[in-house]
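See below for the structure under consideration.
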Amino acid sequence: MSKISEYAKDYVPQQTTKNIAELKEVSVDIEIEDDEFEFTDKKTNVAKTVKQKIITVEGESYRVPISVIQQLKVLLEDNPSLKKFKVKKAGTTKDDTRYQVIPVFG
């Protein structure tokens, strides 16, 4: 047994998926994967499955919103030699969050 204070200091929260906007830059050549997880809706108490696209960087998973993929497609159509990009995120809730994909040159 250990003291609760020792346990709390050593506690590592369950891994959660981060957001691609947390990365400084992303290579267009990185592998993208399908991922899903289940959660219980707090209002209805019904289990729901969420499907998402993720990339893995240094052992960490980062969610890639569809709007980022759509914007990257447009950038690649105009600049097929693009190698890297970054993502800016604005907003704080599911309804007001917007992403801007920005090409990185050099």
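When the Karplus curve 6.51 cos²θ - 1.76 cosθ + 1.60 is applied with θ = phi - 60°, which whole-Hz ³J(HN,Hα) does each residue of segment 80-85 get, with x for Gly and Pro?
Using θ = phi - 60°, the values come out as x, 8, 4, 10, 9, 8 Hz.
Can you list the HN-Hα couplings for segment 57-74, worked out from phi with the Karplus curve (6.51, -1.76, 1.60; θ = phi - 60°), rounded to whole Hz and with x for Gly and Pro?
3J(HN,Hα) across segment 57-74, in whole Hz: 10, 6, x, 9, 8, 10, 6, 10, x, 4, 4, 5, 5, 4, 5, 5, 4, 5.
Pop out the ³J(HN,Hα) list for segment 39-44 in order, Karplus 6.51 cos²θ - 1.76 cosθ + 1.60 with θ = phi - 60°, rounded to Hz; leave Gly and Pro as x.
8, 9, 5, 5, 7, 9
Note the listed values (i) 59, 35, 25; (ii) 61, 22, 20; (iii) 48, 25, 22, then indicate which one is Cα extents along the principal axes in Å calculated from this particular structure.
Here Cα extents along the principal axes in Å agrees with entry (i).
Amide H of VAL64 versus every other amide H placed in the peptide plane: which residues, excluding those fewer than 5 positions away on the same chain, fall under 5 Å?
Residues meeting the amide H criterion: LYS53, ILE54, ILE55.
Explain nothing, just the number: relative contact order of the chain, from Cα pairs under 8 Å at least 6 residues apart, as a whole percent.
25
Laboratory data are not the source of any read-out in this text; all were calculated from the coordinates shown. Just so you know, these numbers come straight off a predicted model, no measurement behind them.
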